[in-house]
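Notes to accompany the following structure.
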Amino acid sequence: MASFSLTTTSRAQSKEQSAQDPAKQLTIKGLVGTWTLVSSVTEQGGTKTEPYGPNAKGIMTVDANGRYAIVTMRAGLPKFASNSRVTGTPSENKAIVGGSIAHFGTLSVNEAERAIILKIETATFPNWDGTEQKWPFTITGDTLHFTVPAASGGGTAMTVWKRAN
């Protein structure tokens with residue numbers, strides 16, 4: 001697994017170095033920064049779906065010490081009629097839970113397997129709390145692709161992220 005000792009470089013230097021040496025992108029250094037979700041597609045039983053809809057919103061941040069946070073949600077989640085998230089109706093709660101996922105913890109990179117290793121501390125899907133997951137990934141330029149082999153809603157998720165400016 002990769003270590004987390006990094007040197008500070010400007011965004012321009014980082015982009016230039018990544019463009020010069022694509023292999024460097026498969027390290028923790030290549031993941032550091034903020035990413036915005038482009039798409040999330042889940043495949044289960046031969047059927048592909050967009051669990052967060054065609055206009056899903058999401059953000060992923062990774063720091064130089066390997067701390068990360070990921071938040072993904074469906075665009076246009078319903079507002080709570082009561083104006084309180086603790087008194088939502090069953091249908092409001094179902095829409096929110098089914099239309100969002102968030103988790104945070106630490107990550108490392110297994111360069112040989114081209115995989116992100118996540119140690120999830122806490123998630124809005126509690127079954128992931130305290131688990132370790134291996135997500136294969138690639139980075140091309142400012143685009144990150146990773147696969148979640150056991151998605152929280154079942155099946156396999158393929159996500160695409162774009163580095164935020």
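The values are calculated or read from the model by the stated rules, or taken from the named source; none is laboratory data. Predicted model, so just to flag it, every value in this text is computed and none were measured. Positions of Cβ are backbone-derived with ideal geometry, glycine not excepted, and every protein chain shown enters the neighbour counts.
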Out of the residues in the range 121-165 that are small (Gly, Ala, Ser) and touching a helix residue (DSSP H, G or I) at 6+ places or on another chain (Cβ under 9 Å), state the one that is surrounded by the most Cβ atoms within 10 Å (Cβ to Cβ). Ser152
Pairs under 6 Å by beta carbon, first residue charged (D, E, K, R) in the range 78-96, partner assigned to a loop (DSSP other than H, G, I, E, B), six or more apart or different chains? Glu92/Pro78; Glu92/Phe80
Which residues, taken from the range 147-165, are touching a Ser or Thr at 6+ places or on another chain (Cβ under 6 Å) and part of a strand (DSSP E or B)? Ala157, Met158, Thr159, Val160, Lys162
Across (1) modelled with pLDDT under 95; (2) in contact with a Ser or Thr (Cβ under 7 Å, 6 or more places away or on another chain), Gly76 clears everything bar (2)
Filtering the range 132-151 down to residues that are hydroxyl-bearing (Ser, Thr, Tyr) and at pLDDT 95 or above, which residue is nearest to Thr61 (Cα to Cα)? Thr143
Matching residues in the range 36-51 - criterion: being over 10 Å from Met158 (Cα atoms), in contact with a Gly (Cβ under 7 Å, 6 or more places away or on another chain) and of a type outside the set (S, T, N, Q): Leu37, Pro51
Can you tell me how many residues in the range 124-139 are charged (D, E, K, R) and in contact (Cβ under 8 Å) with a residue 12 or more places away in the chain? 2
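Inspect all residues belonging to the range 42-59 and state whether any of them is crowded, with 18+ Cβ neighbours inside 10 Å, outside any loop (DSSP other than H, G, I, E, B) and at pLDDT 95 or above.
The answer is yes; a qualifying residue exists.
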When residues of the range 29-50 are filtered for being over 14 Å from the mean Cα position of the chain (by Cα) and either more than 23 Å from Arg163 (Cβ to Cβ) or touching a residue at least 40 places away in the same chain (Cβ under 8 Å) (or both), how many remain? 8
Tally, over the range 66-80, of residues that are touching a helix residue (DSSP H, G or I) at 6+ places or on another chain (Cβ under 9 Å) and either exposed (fewer than 11 other Cβ atoms within 10 Å of the Cβ) or not small (Gly, Ala, Ser) (or both): 7
Could you check the range 99-148 and list, in sequence order, the residues that are out of contact with any strand residue (DSSP E or B) (no Cβ under 7 Å at 6 or more places or on another chain) and within 22 Å of Val38 (Cα to Cα)? Ile139, Thr140, Gly141
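Listed residues Asn83, Asn127; which is on the phi > 0 side of the Ramachandran plot and at pLDDT 95 or above?
Only one candidate passes the filter, namely Asn83.
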